[in-house]
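Here is the structure we will look at, set down as structure tokens.
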Amino acid sequence: MRELKSARLALEALLLEEAMDRLNDDAIDALERILVAPRSADDMPDLKQNYDFHFSLYRQSGSRVILPLVEALWLQYGAFLNLVVKEKAANEIPEHIHHEEIIAALRKNDRKAAQKALALDIERSFKLLLPEN
């Protein structure tokens, strides 16, 4: 899990950086719409919207190398998500708070704030399973 966390932090930060070079207002608006889209009653908390948000953002990078690596990391991490969503602490902060921070940073073209919000978002679930980190 520690390797997954480190790899995700590094590679997803690269994708965000590349995406920020290509994003326009329409793309940011589309990310925002993902967060407010209604979910079906059987959706696990946050998971589909979380995936859609991140990969819609990352596809903006145009990456043909790093994006597939991140997709593979997400597949490896998927096994742990069942544990994460069952944790009571998973619902203690609003589910899209860091996504909303990313959007706010994107609108201001604030790379530092966007990277910080992304790191907090990734670390959020790992902290539930690796509390010492």
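The values are calculated or read from the model by the stated rules, or taken from the named source; none is laboratory data. These numbers were taken from a predicted model, which means no experiment stands behind them. Neighbour counts run over all protein chains shown; Cβ positions are idealised from the backbone, glycine included. Quick note on the areas: whole protein, heavy atoms, side chains included, nothing else; ligands and nucleic acids left out. Shrake-Rupley method; radii C 1.70, N 1.55, O 1.52, S 1.80 Å.
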Please tell me if Leu118 is modelled with pLDDT under 95 and either farther than 13 Å from Leu35 by Cβ or surrounded by fewer than 19 Cβ atoms within 10 Å (Cβ to Cβ) (or both). no
Kindly indicate whether Ile97 is within 14 Å of the chain's Cα centre (by Cα), at pLDDT 80 or above and open to solvent by 50 Å² or more (accessible area, probe 1.4 Å). yes
